[in-house]
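Trainee: Take this structure, written in structure tokens, and hold onto it; I'll ask about it next.
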Amino acid sequence: MTEAECQGSNGHPLRHVAIIMDGNSRWASARGLRGVSGHRAGVERVRDVLDSCQAHDVAVITLFAFSSENWQRPAEEVSGLMALFANYLRREQRELVRRGVRLRVVGARERFSARLIRRIDRVEAATAGGRLLLNLAVDYGGRWDIVRAARALAERVQAGALSPADIDETAVERHLCLGDVTPPDLCIRTAGEQRLSNFLLWQLAYSELYFADCYWPDFDREHFNGAVGEYYRRQRRFGRAASQILAPETKCSSRG
């Protein structure tokens, strides 16, 4: 069942999905492989998720690929991840254009090499016309995102372009990395962990959370459809009482 067929089930269409892609290293360790092998397998899974998002008419997908804290990992692993990221950009550019996917990298970027930054810029420019927006959060942290927004607002106040009284939630949100898109409707985390790990702390305030037990390299289309089915079975209240929400008229199967 497609997203369009399921919209009536909880009154809210599924437009933005965020995923914390967890468990790559543990997947590799369980198979006696090096950690980078798990990350390489995880990259291949991104294609399946893009297919699933397009089948469910999702407009935006945000993937947590590398956090601000991941720089603390062993140097060999970090180097391998950066090489894998650069290779993904080089290899997938044409495929992203063919699929109609617009790639955007969100994060600090200051610690990236000049060569990697140039490659990011090229892929973003080449895919700018895509209908499905793929945000890759690389060197990203939710606290960093909020601090960055607060600093930008403070600079506008200091310049006399903004009054402190005009700073509200809308103003803050507009200065966040994803300020131009609606917050995620659904956030999926794999590998059985049940925490946000500094991912989209502001944007996930009212998102539905779904925790999958499988490692990210095993998160296939069936798992994604299961998460979507669970999303449509839930009642989204946004602070209101359950009695204020109309009862769902239909139920969505967890199988696509």
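Trainee: Rounded to the nearest 0.05, what FRET efficiency do D218 and W71 have when you use their Cβ-Cβ distance and R0 = 25 Å?
Mentor: 0.40
Trainee: Still on this structure, I have one more. Take the alpha-carbon centre of segment 155-234, take the same for segment 39-111, and report the distance between them in whole Å.
Mentor: 17 Å
Trainee: How large is the Kirkwood hydrodynamic radius of segment 1-129, in angstrom, based on all distinct alpha carbon pairs?
Mentor: On the way: mean 1/r = 0.0613 Å⁻¹.
It works out to 16.3 Å.
Trainee: Expressed as cubic angstrom per residue, what is the convex hull volume of the alpha carbon set of the chain?
Mentor: Taking only Cα atoms, the chain has a hull volume of 140 Å³ per residue.
Trainee: For the charge dipole of segment 3-244, defined by +1 on Lys and Arg C-beta atoms and -1 on Asp and Glu C-beta atoms about the Cα centroid, which residue among A18, V123, S52 has the Cα displaced farthest towards the positive pole?
Mentor: V123
Trainee: Another question about this same structure. So what are the ³J(HN,Hα) numbers for segment 98-106, from phi and the Karplus equation (6.51, -1.76, 1.60; θ = phi - 60°), rounded to whole Hz, Gly and Pro as x?
Mentor: Taking θ as phi minus 60°, the curve returns 4, 7, x, 9, 8, 8, 9, 9, 10 Hz for segment 98-106.
Trainee: Oh, and also: Check which residues have an amide H placed less than 5 Å from A212's amide H, if you skip close sequence neighbours.
Mentor: R189, T190, A191, G192
Trainee: Okay, next question. How big is the dipole moment of the chain about its Cα centre under a simple scheme where the beta carbon of each Lys and Arg is +1, that of each Asp and Glu is -1, and everything else is neutral? Debye, nearest 20, please. Numbers along the way, then the final one.
Mentor: On the way: 37 positive and 32 negative charges, 128 e Å.
The dipole magnitude comes to about 620 debye.
Trainee: Which far-off residues, 5 or more places away or on another chain, put their amide H under 5 Å from the one on H56, with H placed in the peptide plane?
Mentor: E3
Trainee: Further, regarding this structure: Can you compute 3J(HN,Hα) from phi for each residue in segment 27-38, using the Karplus curve 6.51 cos²θ - 1.76 cosθ + 1.60 with θ = phi - 60°, rounded to whole Hz and x for Gly and Pro?
Mentor: Listing the rounded values in order: 4, 5, 4, 5, 10, x, 9, 6, x, 5, 5, x Hz.
Quick note: the coordinates plus some simple rules give every number you see, no bench work behind them. Everything numeric here is computed off the predicted structure, so don't read it as measured data. Cβ coordinates were reconstructed from backbone atoms using ideal geometry, including for glycine residues, and neighbour counts include every protein chain displayed.
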